[in-house]
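Reading through the structure tokens given below for one structure.
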Amino acid sequence: MEAAAFDAGVQQPEGEENLIEAAKQIVKALGSGKNLTDDARKILADLGTQLSTINIISEDKDSDIGELEAQLDAIQEKIANWEADQSMIWDSGPDEAGEYMNATLEAQRLIERLENFCPGGGAGDDAGRRDLLRRAHDVLQMAMARLEQEFTHLLVQNQLPFERDNVASFRSSEDDGLDFNSFVSTGDDLEDPSNRDSSVSRSWEELTIDMVHPDAIPDLRDIAELMFVSGYGHECTQAYITVRRDALDECLFILEMEKLSIEDVLKLEWGSLNSKIKKWIRALKQFVRVYLASESFLSEQIFGQLEQSSWSVCFIEASKGSMLQLLNFGEAISIGPHKPEKLFPILDMYETVSGMIPDLDSLYASGAGSCVRIDCHELQRRLGDSVRAAFLEFENAIATSTSTIAFAGGGIHHLTRYVMNYLNTLTDYQESLNYLLKDHDRQNAVVMSPDLAPSTRQEDDARGEPAADDYATMALHFRSVTSILECNLDDKSRLYRDPSLQHVFMMNNVHYMAQKVKNSAALRHVFKDEWIRKRNWKFQQHAMSYERATWSSVLSLLKDEGNSHPGSVPKAQLRDRLKNFYVAFEDVYRTQTSWIIPDAQLREDLRISTSLKVIQAYRMFIGRHTNNIGDRHVRYSADDLQNYLLDLYEGSQKSLHNPHRR
């Protein structure tokens, strides 16, 4: 009867009439039997599930529309009241914020109900519902615009200030960076690179900080979720990206990273550029490991539960501008002139970028971050090319270094100090440098560096050390450099007119090279003991050549020809020979007190060797011919001569004005 009344009172659409008729048949079938098959039970269960998801629409359409319109009016009034108020909702407290969120959520749900009323369009009352739906969308749009403002306001107001204390460990390292000129001028005061902090700021610790106050995160997450559910996710993410992009730009500003074009960088003087490179290294490490890591975490906190990858897109879009600014500076350095003095800063940049690549590959793993990943890897390649070019320019600079004036006093040439300290410092970059040089023509290095002895591996095995094959390329280049240096020094020694001073100069410089390698564990591992032994032999040969060139002619005046008896040589001849010896000795004294042997041990060894030969020959001569010469012709005692020899090689010229008093 109820079904008949329903049919009589309401004219149903044709599709709905068929549905009702089918339902009647199901009811009738169920009444005729109490047992159901499994298939029938399954079908009825599926039917029940579908019925539970179908909205029951009131047949009293006018009544429902009126109710929905009244509900919309109430929602609109709440939202409009806040539009008239210029204050920020979330600043008024959690109750007001909750009310606004609830009103917005009601508007969103109302739209869902109205969309169910207006599935395909029509006329009459359907047109009225569509007007109501448009009104609801307008109200929601107004609410979304306000939520976007509130979202932006919360991000800005709760942004935590940049803490300069976070830079402390980075800041100190800026002063620890290599000063290229320091080892050109002083050299020997430098520490072994293995004992100092390598490159620039390697001692900092990784930090993760709160970019936004943690108390604001739940509100930001709720607003973002509501905006995404309401179809305004794009507006929400754009607001986030704009605020956070500005915040990260501010980080770079505080890290003292200026926005410079490639042209601006190329115009900088070296002193200014070197300072900016140090700041760049410090900034890149802190920006990537601290701020980008923290920024990624912030994005995930707010957007991580929403649409897939939305949080990573927000992070990438917010940060890539600042990141590319940093990379552009590195690119400018890589295309600049590849002078030897730039090698260490560029090596520091290369190692810094190489160290950051795993972090950046992880942070920018998605497709949207490919531009940052690609640019970072490209910068690493460019810097590597610059390292190779600067090192080869270093080799070339040594080979082409010429002088027209002999180095005063025959001491250690500043080029020798420069080259050996340069190599010593480069050992701090063994892994990177060996990797970057391995593509260089190895045969070229072998031809210029015959000192790479085949016994290298045997030496390692004998000492129980690992073979140096891992650094074979660098060893070839280092030995090539020292060979070039020795050739250059040999050319410079020819500027001295005095052969003795030529040998002193070479002795000083080769000895310095040998000692520099011997006293540096890193250099010794590269060059090997055989190289040191060869240099020791070389400087000893120069020492003996000096003695021959200086003292052979002097001591020949004290040497008796054949086995002649002391009395058989005329007194006048003996006195002339002794006088000529004194003149020659005084000339050597006057000349060679101005010469310098900087190494105290080497100076002492040469004095002892010289003294043994000179004093022994003098004593023998005086002892054999005392009676024939006479005391008044003897100007100096053996002790006097020995004391005078102690004045040699001090770099301060002296003369023997009074032969009997010093």
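The values are calculated or read from the model by the stated rules, or taken from the named source; none is laboratory data. Bear in mind the structure is a predicted one, so any value in this text is a computation, not a measurement. For accessibility, only protein heavy atoms count, side chains too; no ligands or nucleic acids. Shrake-Rupley method; radii C 1.70, N 1.55, O 1.52, S 1.80 Å.
For this structure, a couple of remarks:
- Each residue of the range 215-348 gets 109 Å³ once the volume of the Cα convex hull is shared out per residue.
- For the range 469-521: rounded, prolate or oblate by the Cα gyration tensor [a/c cutoff 1.5]: oblate
- Set Lys285/Lys518; Lys279/Lys339; Lys438/Lys528; Lys278/Lys516; Lys342/Lys518; Lys492/Lys534 screened for pairs whose C-alpha atoms are more than 24 Å apart: Lys285/Lys518; Lys278/Lys516; Lys342/Lys518
- Normalised per residue, the accessible area of the range 313-423 is 34 Å², obtained with a 1.4 Å probe and no contribution from ligands, DNA or RNA.
- Among Leu140, Leu324, the order of accessible area from largest down is Leu324, Leu140, computed with a 1.4 Å probe on protein heavy atoms.
- Based on Cα contacts under 8 Å between residues 6+ apart, the range 490-551 shows a relative contact order of 45 percent.
- Per residue solvent-accessible surface (Å²) - the range 505-602, probe of 1.4 Å: 45 Å²
- Sorted largest first, the principal axis extents computed over the alpha-carbon atoms of the range 282-353 equal 53, 18, 14 Å.
- Amide H contacts of Val212 (H built 1.01 Å from N, under 5 Å, at least 5 apart or other chain): Leu160
- Percent accessible area from carbon and sulfur atoms, the range 73-115, protein chains only, probe 1.4 Å: 43 percent
- Residue-span extension gain [Asp215 to Leu495] - 0.36 nm each, minus C-alpha spacing: 93.1 nm
- Each principal axis of the Cα cloud of the range 575-662 was evaluated for its coordinate range; sorted largest first, these ranges are 42, 24, 18 Å.
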